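A.B. asks: Got a structure here, written out as structure tokens. Questions coming.
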Amino acid sequence: DFATPRAILTGHDYEITCATVCAELGLVISGSKEGPCLIHSMNGDLLRTLEGPENCQRPKLIQASREGHCVIYYENGLFCVFSVNGKLQATMETGDSIK
């Protein structure tokens, strides 16, 4: 038997650097090297784009909660919290960075 993909997620122009699946909400969230983070349905439909502040580039880690929050850690030590509707709710700078 050969495995077949359930869905193909499109929309990024650069390589994917991080991704998470929130099965409870039926969402896949991914971030790319030089672009925004995208929210897709499990069927592959592009639902939203998560645009952080101007200094939020190169997402490294993403985590989504079943309550509908998405936390993204960016390379420059910034955290952003978004709702799954795409609204930026909070930012926090740690002073640390991942290389």
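A.B. asks: Counting only C-alpha contacts under 8 Å and six or more residues apart, can you give the relative contact order of the chain as a whole percent?
C.D. replies: It comes to 20 percent, rounded to a whole number.
A.B. asks: Right, something else. Roughly how many whole Å is it from the C-alpha centroid of region 1-23 to that of region 33-69?
C.D. replies: So the separation of the two Cα centres works out to 13 Å.
A.B. asks: A further question follows. In debye, nearest 20: dipole of the chain around its Cα centre with unit charges on the Cβ of K, R (+) and D, E (-)?
C.D. replies: With only Lys, Arg, Asp and Glu charged at Cβ, the dipole is about 100 debye.
Read-outs: derived from the displayed coordinates by stated rules, not from any lab. Owing to the predicted nature of the structure, the values given are computational and were not obtained by experimental measurement. Because the Cβ atoms are built from the backbone with ideal geometry, glycine has one as well, and the counts that use them run over all protein chains shown.
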